[in-house]
Amino acid sequence: MSGIPEFSLQGKTAIVTGGSRSIGRGAAAALGQAGANVVVAGRTKGDLDSVVEEVTATGAKALAVTCDVRK
């Protein structure tokens with residue numbers, strides 16, 4: 001696990017909406033690096049799957065949920 005040593009989210013789960021792009025993607029990756037398991041939600045499955053790969057590369061668990069949170 002990289003990042004700030006005294007900042008750990010080990011054992012926690014984070015839900016990131018809009019997690020497939022831009023700020024959401026960065027947030028999902030950072031949360032994974034901090035030790036959190038990450039659920040990424042967004043409208044585009046292919047983009048979400050890419051984020052899941054990025055997060056799991058940090059050693060965290062990740063799950064993609066395809067949805068439109070506006071509805």
Using Cα atoms only, what is the angle between the long axis of helix 22-33 and the major principal axis of the chain, expressed in degrees (0 to 90) to the nearest 10? 40 degrees
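In the chain, what percent of the accessible surface is made up of carbon and sulfur (1.4 Å probe, ligands and nucleic acids excluded)?
Ligands and nucleic acids excluded, carbon and sulfur reach 56 percent.
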Overall form of the chain per C-alpha gyration tensor (a/c, 1.5; a/b vs b/c): prolate
Please report, in debye to the nearest 20, how large the charge dipole of the chain is about its Cα centre when each Lys and Arg carries +1 at its beta carbon and each Asp and Glu carries -1 there. 300 debye
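In Å², what does the accessible area per residue of the chain work out to with a 1.4 Å probe?
Per-residue value: 63 Å².
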Given the candidates Ser50, Cys67, Asn37, the one whose Cα lies deepest towards the positive end of the charge dipole of the chain, counting +1 at each Lys or Arg C-beta and -1 at each Asp or Glu C-beta, is Cys67
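The values are calculated or read from the model by the stated rules, or taken from the named source; none is laboratory data. Here the structure is a predicted model, which is why all the values come from computation and not from measurement. Backbone-built Cβ (ideal geometry, glycine too); neighbour counts: all protein chains shown. SASA here: full protein model, heavy atoms, side chains in, ligands and nucleic acids out. Shrake-Rupley method; radii C 1.70, N 1.55, O 1.52, S 1.80 Å.
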